[in-house]
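Peer 1: My questions all concern the structure below.
Rule-based calculations on the coordinates, nothing more; no lab input. For clarity, every value in this text was computed on a predicted model and none was experimentally measured. Note that each Cβ is placed from the backbone with ideal geometry, even for glycine, and that neighbours are counted across all protein chains shown.
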Amino acid sequence: MQVKDAVEIYPILPFLAVRFGIASAVPRPRRRGSAVSGREERLALLSPSAARRGYVLQTLGLERTSVSSAGFVTACTSVLTPA
């Protein structure tokens, strides 16, 4: 419900930029002695673009649907998410 209220006030892309800008400012713990392969680096560069598209589409959907419909769709898709 907070996202739906927020996108009524703010444009979607600036809202997501602020949301993920705050999240990226939080430091992540790193494992000592872990080497990252070239394949992992390439995948790490591709995943944010896929996630970005997903969040934009999800937020556009939240803007255009009711809260109860969004909750229903989220509940249905979370069952299909692999562990």
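Peer 1: Calculate the FRET efficiency for Phe72 and Glu41 from the Cβ-Cβ distance with a Förster distance of 25 Å, rounded to the nearest 0.05.
Peer 2: On the way: r = 38 Å, r/R0 = 1.54.
Once the sixth-power term is evaluated, E becomes 0.05.
Peer 1: Hey, what do the phi angles of the stretch 55-70 turn into as Karplus ³J(HN,Hα) couplings, whole Hz, using 6.51/-1.76/1.60 and θ = phi - 60°, x for Gly and Pro?
Peer 2: 5, 5, 5, 5, 5, 4, x, 5, 5, 9, 10, 7, 5, 5, 5, 5
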